[in-house]
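Chemist: One structure is given below, represented as structure tokens, and several questions about it will come after.
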Amino acid sequence: MTYIERMHNKMKVLRTKKTVRILAIESSCDDTGVAIVQNGRQVLSNVLSSQIDIHTRFGGVVPEIASRNHIMAIMPLVDKALKDAHLTLQDIDAIGVTQGAGLVGSLLVGLTTAKALSFALDIPLIACNHIKGHICANYLTYQDLTPPFGCLVVSGGHTAVVGVTDYTHLKLFGTTIDDAIGESFDKVARVVGLGYPGGPKIDQISKGIVPKIQFVHHTALKDSPNFSFSGLKTAVINYVHNETTKGNTLDIPQICASFQAEAVSMVVTKAIKLCLVNNLSTLCVAGGVSANSYLRNQLTLAGQENGIKVLFPESKYCTDNGAMIGSYAYYLMLSGDCSTLDIPALPNIPLE
Ligand code: KG4
Ligand code: ZN
């Protein structure tokens, strides 16, 4: 029997098993994450190795350096995840891994490790879409949450509102036509000299500041379900440039708070509207920007005003982590097939 025939048989057995433990690997960008998740909801361990200190001096993620550091981090993290869960590799039923989207070199490290573990242990390999993994972070926080629901996806590479129709499928309602919201946070932070990673720094420095600057940008998409962040980003860059040219001192907390308020208001308005239009009474949020405290406040308020229940993952599951992949891999196991050992990394895998 070939490897894949054996794996298909094992998947059938797994679907009938009461307790399924998946070891999941996430290495799409600069964080290496490994987790062990039971039945898609229970996190037995979740360990992470961050490369923030390494990339800070370059002002952003350097792909080649990221992949080299994933190589060094990954096997010690697998060992730590097993140790934290008081398990051995023999207790693992399947391997989940991020196949895309992300940086190709970074993805390849996780994917190759996952393939090697699957082959050596003779257990199924389950390839996961990173963004669908982010959405599943909500299942880890809300044990009773079940589809359908709406989801606002706000990460470094994606901005979208989707309808989550079941555990593995979604319907795209609206997406960005240019920059992602996280990307614009990072860019603005760089322009005002806050450095990398920009999102959390803007969040922090804006706390308690009443936004006053109106950044003039294109609002052509006001009535469209789609987003654009490039105009807002450029408006902030122009403002900083003009003030500096005039010799004025920059009020950095005010610039950050005003940018954040505008960016957040754009996603809040559209996410709520798309939920109402599509009759969805629950809205989850997914991706790194879901950690933003201002977004959390504003969206919760807008939800209350419009009769929509708004849910955010716990902070530790907002940014990249292995546990969300472990959850998604479980639902793929229940609904679909496993992967072959020759699957490629998919840096631009589509959302739908
Ligand atoms: O989901 P994620 O960890 O990686 C991607 O899949 O892209 O998201 C990373 C993005 C970065 O742009 C980062 O600046 C942003 O999430 N981010 C935040 C916050 N924490 C992370 N943006 C705003 N406020 C935060 N607190
Ligand atoms: Zn992510």
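The values are calculated or read from the model by the stated rules, or taken from the named source; none is laboratory data. Predicted, not measured: the structure shown is a model, and the values here were computed from it. Please note: Cβ atoms are built from the backbone with ideal geometry, for glycine as well, and neighbour counts cover all protein chains shown.
Chemist: Examine the range 11-27 for a residue that is touching a His at 6+ places or on another chain (Cβ under 9 Å) and not aliphatic (A, V, I, L, M), and state whether such a residue exists. Spell out the reasoning first.
Modeler: Keep residues of the range 11-27 that are touching a His at 6+ places or on another chain (Cβ under 9 Å), which gives 26-27.
From what is left, the residues that are not aliphatic (A, V, I, L, M) are 26-27.
Within the range 11-27, one or more residues are touching a His at 6+ places or on another chain (Cβ under 9 Å) and not aliphatic (A, V, I, L, M).
Chemist: Continuing with this model, one more query. Between a first residue in the range 276-302 that is under 17 Å from ALA137 (Cα atoms) and a second residue that is of a type in the set (Lys, Arg) and within 16 Å of ligand 2 (Cβ to nearest atom), which pairs have beta carbons less than 6 Å apart while being 6 or more apart in sequence or on different chains?
Modeler: Partner pairs satisfying both residue conditions: none exist.
Chemist: Moving on. Based on what the data block shows, is SER45 hydroxyl-bearing (Ser, Thr, Tyr), within 16 Å of ligand 1 (Cβ to nearest atom) and buried (at least 16 other Cβ atoms within 10 Å of the Cβ)?
Modeler: Details: hydroxyl-bearing (Ser, Thr, Tyr): yes; within 16 Å of ligand 1 (Cβ to nearest atom): no; buried (at least 16 other Cβ atoms within 10 Å of the Cβ): yes.
Judged against the criteria, SER45 is not a match.
Chemist: Look through the range 160-176, keep the residues that are surrounded by 18 or more Cβ atoms within 10 Å (Cβ to Cβ) and either small (Gly, Ala, Ser) or free of Cβ contacts under 8 Å to residues at least 24 places away in the same chain (or both), and return whichever of them is nearest to ligand 2 (Cβ to nearest atom).
Modeler: The extreme case among them is ALA160.
Chemist: Taking the range 29-45, which residues are within 16 Å of ligand 2 (Cβ to nearest atom) and closer than 23 Å to TYR139 by Cα?
Modeler: Of the range 29-45, the ones within 16 Å of ligand 2 (Cβ to nearest atom) are 29-35.
Listed by number, the residues that qualify are CYS29, ASP31, THR32, GLY33, VAL34, ALA35.
Chemist: Kindly list the number of the only condition in (1) within 16 Å of ligand 1 (Cβ to nearest atom); (2) at pLDDT below 95; (3) of a type in the set (Asp, Glu) that fails for GLU5.
Modeler: Only one criterion is unmet by GLU5, namely (1).
Chemist: Does ALA323 qualify as being closer than 27 Å to SER67 by Cβ and touching a strand residue (DSSP E or B) at 6+ places or on another chain (Cβ under 7 Å)? I'd like the intermediate steps shown before the answer.
Modeler: Values: closer than 27 Å to SER67 by Cβ: yes; touching a strand residue (DSSP E or B) at 6+ places or on another chain (Cβ under 7 Å): yes.
Considered against the rule, which asks whether it is closer than 27 Å to SER67 by Cβ and touching a strand residue (DSSP E or B) at 6+ places or on another chain (Cβ under 7 Å), ALA323 comes out as yes.
Chemist: Among the helices (runs of 4 or more DSSP H) lying completely within the range 46-159, list those that include at least 3 residues that are more than 30 Å from THR300 (Cα to Cα), away from ligand 2 (no atom under 15 Å from the Cβ) and over 23 Å from the mean Cα position of the chain (by Cα). Show your work before the answer.
Modeler: Working: elements: 52-56, 63-84, 104-121, 130-141.
Answer list for the range 46-159: 63-84, 104-121.
Chemist: Then there's this: So, PRO147, is that one modelled with pLDDT of 95 or more, surrounded by fewer than 20 Cβ atoms within 10 Å (Cβ to Cβ) and away from ligand 1 (no atom under 16 Å from the Cβ) or not? Before the answer, list the steps.
Modeler: Working: modelled with pLDDT of 95 or more: yes; surrounded by fewer than 20 Cβ atoms within 10 Å (Cβ to Cβ): yes; away from ligand 1 (no atom under 16 Å from the Cβ): yes.
Here the answer is yes, as PRO147 does meet what is asked.
Chemist: Further, regarding this structure: Could you grab me the full set of residues in the range 25-41 that are part of a strand (DSSP E or B) and surrounded by 24 or more Cβ atoms within 10 Å (Cβ to Cβ)? Give the derivation first.
Modeler: Kept after step one, since they are part of a strand (DSSP E or B), are these residues of the range 25-41: 25-26, 31-38.
Hits for the range 25-41 are ILE25, GLU26, THR32, GLY33, VAL34, ALA35, ILE36, VAL37.
Chemist: In the range 12-32, how many residues are in contact with a strand residue (DSSP E or B) (Cβ under 7 Å, 6 or more places away or on another chain) and under 19 Å from TYR196 (Cβ atoms)?
Modeler: 4
Chemist: Further, regarding this structure: Select from the range 304-345 the residues that are within 16 Å of ligand 2 (Cβ to nearest atom) and hydroxyl-bearing (Ser, Thr, Tyr) and write down the one among them that is nearest to PRO197 (Cα to Cα). Reasoning before the result, please.
Modeler: Within the range 304-345, the first condition is being within 16 Å of ligand 2 (Cβ to nearest atom), and the residues that meet it are 312-329, 345.
In the following step, the residues that additionally are hydroxyl-bearing (Ser, Thr, Tyr) were identified as 315, 317, 319, 327-328.
On the way: SER315: 16, TYR317: 17, THR319: 12, SER327: 26, TYR328: 26 Å.
Within the range 304-345, the match that is nearest to PRO197 (Cα to Cα) is THR319.
Chemist: Working carefully through the options GLY199, GLY182, find the one that is touching a Ser or Thr at 6+ places or on another chain (Cβ under 7 Å), part of a helix (DSSP H, G or I), touching a residue at least 12 places away in the same chain (Cβ under 8 Å) and within 13 Å of ligand 1 (Cβ to nearest atom).
Modeler: Working: GLY199 fails: touching a Ser or Thr at 6+ places or on another chain (Cβ under 7 Å).
Step by step, each of GLY199, GLY182 is checked, and only GLY182 is touching a Ser or Thr at 6+ places or on another chain (Cβ under 7 Å), part of a helix (DSSP H, G or I), touching a residue at least 12 places away in the same chain (Cβ under 8 Å) and within 13 Å of ligand 1 (Cβ to nearest atom).
Chemist: Mind checking which residues of the range 61-108 are under 18 Å from GLY326 (Cβ atoms), among the polar types (S, T, N, Q) and surrounded by 20 or more Cβ atoms within 10 Å (Cβ to Cβ)?
Modeler: Within the range 61-108, THR98, GLN99 qualify.
Chemist: A follow-up question, please. Report, ordered by the first and then the second residue, all pairs with beta carbons closer than 7 Å, sequence separation of six or more or different chains, a first member in the range 310-330 that is over 13 Å from LYS132 (Cβ atoms) and of a type in the set (S, T, N, Q), and a second member that is near ligand 1 (Cβ under 9 Å from one of its atoms) and not in a strand (DSSP E or B).
Modeler: The qualifying pairs are SER315/ALA291; THR319/GLY288; THR319/ALA291.
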